[in-house]
Amino acid sequence: MHGFFFIRIIQVGFKSLRLHKLRSMLTMLGMIIGVWAVITLVAIGEGASHDAQEAIKSLGAKNVIIRSIKPPSMRTQMHGNWESFFRRWMAVYGLKRQDAVQIKKTVPGVKRVLPMLTKRMNAVHGVREVDCQLIGTFPYYPEFTQAEMVVGQFLNEEEENSKVSSCVISLPLAERLFAGHNPLLEKIVVRGYESSQVFQVKGVLQERVDAEKLPQLADSLGRTITANVYVPLSTFNALYGVKNVDRSVGNLKLEAVELTEIRVEFESVEQVLSSLPLIHEALRAGRDERDFEIVVPIRELNALQKQKARDTRMLLYIACISLLVGGIGIMNIMLATVTERTREIGVRRALGATRRDITIQFLVETLMLCLFGGCVGVIGGWLFAAFRHNILETTTIVTEWSVILAFGLSVTVGLIFGLYPARRAALLDPIEALRHS
């Protein structure tokens, strides 16, 4: 009996919508636009966030950068006479090869470890001389840092094992040293305070990371050096060892640093922050003072995710306003419908329909408008997102939660804004309704 009652109410609702097709379409339009806006705006926001997160991941969000720094006791002595101090003593501090081995062995989730040793030098070709840093590293440096080869090839395992005098130079160094000429197979002289060495250029590398994540040595003015010469770590150790002598601006600096940096790559971004205490524990062993610092690029990713959440909320607020406007339009039309159908309501009440029956009838009609509008809005939003993603080739991601939220809001808006007209229809006095003309 109840099933037949609801079927009859739905049939009456369909008949009412068919009798006023244009009005029904215009009423649904507000709901269609609202649902369409929710799905489309969220999809655009998700796509932009995905692109930005992938960009940050490509810059090393799965990496932890550990750098050698002078311990506090050595930094306090910088106020004295450096030259006289270092003529008598050599500063020995920083990361060691054993630290890289220990991290790889004891920290879960580590995919690989990249040790690096840097030295401030000058690169010379012909009459041109450029302040640079010499970087001893492993063959997988470009893959590790997402750097790209502009021309030529990077160092390989054979060169690492044979300690050859081949090198790869960074694009800024190539532009300054060769001034537009092809540097491949050219020879450059890399010289420092102690010695000079000739290297043959076998490739040019373009770094893809920002200054914070580049190997950190500064020139005489304190600026980060971006002109780099990359050589096998074995070649670096064979030629220069771990001692570094640097005379600049009248000061002499003597120090021994076994590794300037250790870069640690994890299997996934989620493992980075949880592994930091284990990295600290692995590095603290055998140290009286802290002579390292840790840079965690994932913090940029977390900041981006927080920004994404704020942007998504803003987009949802805008879309919900569209739904609210659509709901107000539905309530306005339904109030007009109640006025038009006052005599019909009076006849139904006279034939035995209860106030509950009248309320359900008008609520069902409102919900039908919202459901149809919601379905069209979902399809329209999905099609627009697919068009933008596949045809315009702009990342647009439709999420399940946005579809559920948009459709759920359309139904909720229908219930809220349809309840008042339905109750108003149900509360009409049957006698007065029958007198209405």
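Within the stretch 387-410, track down each residue that is part of a helix (DSSP H, G or I) and either under 16 Å from His50 (Cα atoms) or open to solvent by 40 Å² or more (accessible area, probe 1.4 Å) (or both).
Phe387, Arg388, His389, Asn390, Glu400, Trp401, Ser402, Val403, Ile404, Leu405, Phe407, Leu409
Only one of Val376, Val364, Val347 is assigned to a helix (DSSP H, G or I), at pLDDT 80 or above, under 30 Å from Ala425 (Cα atoms) and of a type in the set (Val, Ile, Thr). Can you tell me which?
The conditions single out Val376.
Take the residues of the stretch 122-147 that are open to solvent by 40 Å² or more (accessible area, probe 1.4 Å) and among the polar types (S, T, N, Q): which is farthest from Gly180 (Cα to Cα)?
My answer is Gln146.
Please give the helices (runs of 4 or more DSSP H) falling wholly within the stretch 59-109 in which 1 or more residues are modelled with pLDDT of 85 or more and surrounded by 13 or more Cβ atoms within 10 Å (Cβ to Cβ).
Details: elements: 72-76, 82-88, 97-106.
It comes to 97-106.
Residues in the stretch 34-48: is at least one in contact with a Ser or Thr (Cβ under 7 Å, 6 or more places away or on another chain), within 18 Å of Leu316 (Cα to Cα), at pLDDT 65 or above and of a type in the set (Asp, Glu)?
Checked against the condition, which is being in contact with a Ser or Thr (Cβ under 7 Å, 6 or more places away or on another chain), within 18 Å of Leu316 (Cα to Cα), at pLDDT 65 or above and of a type in the set (Asp, Glu), the stretch 34-48 yields at least one hit.
In this structure, is Asn332 open to solvent by 70 Å² or more (accessible area, probe 1.4 Å) and over 36 Å from the mean Cα position of the chain (by Cα)?
The answer is yes for Asn332.
Cys370 - would you say it is open to solvent by less than 50 Å² (accessible area, probe 1.4 Å) and either in a helix (DSSP H, G or I) or over 29 Å from Ala336 (Cα atoms) (or both)?
Yes.
Out of the residues in the stretch 234-256 that are part of a loop (DSSP other than H, G, I, E, B) and farther than 23 Å from Ser162 by Cα, state the one that is modelled with the lowest pLDDT.
Applying the first criterion (part of a loop (DSSP other than H, G, I, E, B)) to the stretch 234-256 yields 241-242, 249-250.
Remaining after also requiring farther than 23 Å from Ser162 by Cα: 249-250.
Numbers: Val249: 48, Gly250: 51.
In this case the residue turns out to be Val249.
Mind checking which residues of the stretch 379-408 are among the charged types (D, E, K, R) and modelled with pLDDT of 80 or more?
Arg388, Glu400
If you scan the stretch 145-174, which residues turn out to be in contact with a helix residue (DSSP H, G or I) (Cβ under 8 Å, 6 or more places away or on another chain), hydrophobic (A, V, I, L, M, F, W, C) and either within 18 Å of Val124 (Cβ to Cβ) or in a loop (DSSP other than H, G, I, E, B) (or both)?
Once the filter is applied, which keeps residues that are in contact with a helix residue (DSSP H, G or I) (Cβ under 8 Å, 6 or more places away or on another chain), hydrophobic (A, V, I, L, M, F, W, C) and either within 18 Å of Val124 (Cβ to Cβ) or in a loop (DSSP other than H, G, I, E, B) (or both), the stretch 145-174 yields Ala147, Phe154, Leu155, Val164, Ile169.
For the stretch 273-287, enumerate the residues that are open to solvent by 60 Å² or more (accessible area, probe 1.4 Å) and modelled with pLDDT of 80 or more.
Once the filter is applied, which keeps residues that are open to solvent by 60 Å² or more (accessible area, probe 1.4 Å) and modelled with pLDDT of 80 or more, the stretch 273-287 yields Leu273, Ser274, Pro277, Leu278, Glu281, Arg284.
Go through the residues of the stretch 291-310 one by one and say whether even a single one is closer than 30 Å to Ala43 by Cβ, among the β-branched types (Val, Ile, Thr), open to solvent by 30 Å² or more (accessible area, probe 1.4 Å) and at pLDDT below 75. Talk me through it step by step, then tell me what you get.
Of the residues in the stretch 291-310, the ones closer than 30 Å to Ala43 by Cβ are 297-310.
So of that shortlist, the ones also among the β-branched types (Val, Ile, Thr) come out as 298.
When the remaining residues are screened for being open to solvent by 30 Å² or more (accessible area, probe 1.4 Å), the result is none.
Looking for residues that are closer than 30 Å to Ala43 by Cβ, among the β-branched types (Val, Ile, Thr), open to solvent by 30 Å² or more (accessible area, probe 1.4 Å) and at pLDDT below 75, one finds none in the stretch 291-310, hence no.
Select, from Leu177, Leu117, the only residue that is in a helix (DSSP H, G or I), modelled with pLDDT of 90 or more and either surrounded by 15 or more Cβ atoms within 10 Å (Cβ to Cβ) or of a type in the set (Gly, Ala, Ser) (or both).
Answer to the check: Leu177.
Among the residues of the stretch 20-54, how many are more than 23 Å from Leu392 (Cβ to Cβ) and either outside any helix (DSSP H, G or I) or polar (S, T, N, Q) (or both)?
Pass one, the stretch 20-54, residues more than 23 Å from Leu392 (Cβ to Cβ): 20-31, 34.
Applying the additional criterion that residues be either outside any helix (DSSP H, G or I) or polar (S, T, N, Q) (or both) yields 20, 24, 27.
Result for the stretch 20-54: 3.
Over 22 Å from Val242 (Cβ atoms) and in contact with a Leu (Cβ under 8 Å, 6 or more places away or on another chain): which single residue out of Val127, Val110, Val151 fits that description?
Val151
Against the conditions (1) under 30 Å from the mean Cα position of the chain (by Cα); (2) among the small types (Gly, Ala, Ser); (3) over 15 Å from Thr226 (Cβ atoms), where does Gly126 fall short? Just the number, please.
Looking at each condition in turn, Gly126 falls short on (1).
Of all residues in the stretch 120-144, count the ones that are in a loop (DSSP other than H, G, I, E, B) and farther than 18 Å from Ser68 by Cβ.
To start, the set of residues in the stretch 120-144 that are in a loop (DSSP other than H, G, I, E, B) comprises 126-127, 138-140.
When the remaining residues are screened for being farther than 18 Å from Ser68 by Cβ, the result is 126-127, 139-140.
Summing the residues that are in a loop (DSSP other than H, G, I, E, B) and farther than 18 Å from Ser68 by Cβ in the stretch 120-144 gives 4.
Show the residue pairs meeting these rules: Cβ distance below 6 Å; 6+ apart or different chains; first residue within the stretch 337-356 and under 20 Å from Phe417 (Cβ atoms); second residue open to solvent by 50 Å² or more (accessible area, probe 1.4 Å) and at pLDDT 75 or above.
Val338/Arg424
Being open to solvent by less than 70 Å² (accessible area, probe 1.4 Å) and farther than 18 Å from Met121 by Cβ is the filter here, so list the residues in the stretch 180-201 that pass it.
Across the stretch 180-201, the qualifying residue is only Leu184.
Identify the residue in the stretch 210-230 that is closer than 19 Å to Glu148 by Cβ and at pLDDT 60 or above and, among all such residues, is surrounded by the most Cβ atoms within 10 Å (Cβ to Cβ).
Looking at residues that are closer than 19 Å to Glu148 by Cβ and at pLDDT 60 or above, I get Tyr230.
The values are calculated or read from the model by the stated rules, or taken from the named source; none is laboratory data. For clarity, every value in this text was computed on a predicted model and none was experimentally measured. Note that we place each Cβ from the backbone using ideal geometry, even for glycine, and neighbour counts take in every protein chain shown. Side chains included, ligands, DNA and RNA excluded: accessible areas come from the protein's heavy atoms. Shrake-Rupley method; radii C 1.70, N 1.55, O 1.52, S 1.80 Å.
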